[in-house]
Amino acid sequence: MVTFSTTSGAFFRAFKFYHTRQPISTGFAPPRDYNQAMMTLYLDELFTMELVIDYFLLLGTARVCALPYRRLRFLAGAVLGAAWSALAQLPGLEWLARPVMRLALAMGMTLTAFGDQRRLVRCFGAFLGVSALFGGAVYGASLLRSGPAGPLLRLDMRVLVLAFAVSWAVISILFRAGVKNASRRIRDVTVERDGRCVHLRALEDTGNSLTDPISGCAAFVAEAGALGELFPAEDAALLRGPPAEAVLRIPGARLIPYAGIGGGGLLLAFRPDRVTVDGMERRDLIAAVAAAPFGADGSYDAVI
């Protein structure tokens, strides 16, 4: 049994890349009743293949966790994984392929792709799970190309495409709730106030007509817990209390009326120093505070 030196290969052992000055020879050494298979990869081919694999692993992780597709961040994480795997084939750098180093690589890729998310541990676990799923799918796809004495496992585009299709189908079936949330429009919102900053995941609601009657600006509503980091501890605690009390004690706070299916009332609101939505600054938004959290799955903490 030998080891495949990619991030996904941390969960199944079927390959080993042997470095030479020009090509990289790949040997498959299964149990004695299997056939022997050899293939040759060049370092640039290995890097390209790893880049594609790691990008789709990160994309699958985002789908499982119902996260927005931040493709540039995913690409950066994939470049990290591909470069690491290519370097691991060079003489003297074989230690990069050790299991503990592959685990460190997985964490580095997770930080690169999802470092701005609040549930980073969940993203890391999902990334490991998606990698394991893909590894099994690659091996399963190889069985369809079996030789007379057993599976002839080769890393080519047909095997990868089939493995990705199977993995994506399994993810869509097993994580229907997450996939449903991912299909909704989730916006990345950054709010700054008095030198403090928070990142929110906001559900886009086309029916949201909440506005500030004084300035006429539109208002997005965020959970009190999510906005609490913008305030000193004593003021953050007031966000969960009655709005009429909080508005008297928090500088710059105001009350705005709202109406919904369950009735109406007043929401505590304030104007942040800066608001960006998907990286674009919005000067026409103010923040309103919801004392109760949105939903039970935690897929978003604001409505815009």
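The values are calculated or read from the model by the stated rules, or taken from the named source; none is laboratory data. As the structure is a computational prediction, the values presented were derived from the model and not from experiment. Using ideal geometry, Cβ is built from the backbone for each residue, glycine included, and neighbour counts are taken over all protein chains shown.
Out of curiosity, is Asp116 of a type in the set (Asp, Glu) and over 10 Å from the mean Cα position of the chain (by Cα)?
no
Please count how many residues of region 54-83 are part of a helix (DSSP H, G or I) and in contact (Cβ under 8 Å) with a residue 60 or more places away in the chain.
9
Per-residue answers, yes or no, for (1) in the same structural domain as Val138 (by TED's automatic domain parsing); (2) at pLDDT 75 or above; (3) over 24 Å from the mean Cα position of the chain (by Cα):
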residue	(1), (2), (3)
Arg21	yes, no, yes
Leu57	yes, yes, no
Leu67	yes, yes, no
Arg73	yes, yes, no
Val79	yes, yes, no
Leu87	yes, yes, yes
Glu94	yes, yes, yes
Val121	yes, yes, no
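Confirm whether Leu255 is modelled with pLDDT of 85 or more, over 23 Å from Leu120 (Cβ atoms) and not basic (Lys, Arg).
So Leu255 passes the test.
Run Leu227 past the list (1) more than 24 Å from Gln117 (Cα to Cα); (2) out of contact with any helix residue (DSSP H, G or I) (no Cβ under 7 Å at 6 or more places or on another chain) and report the number of the one that doesn't hold.
The one condition Leu227 does not meet is (1).
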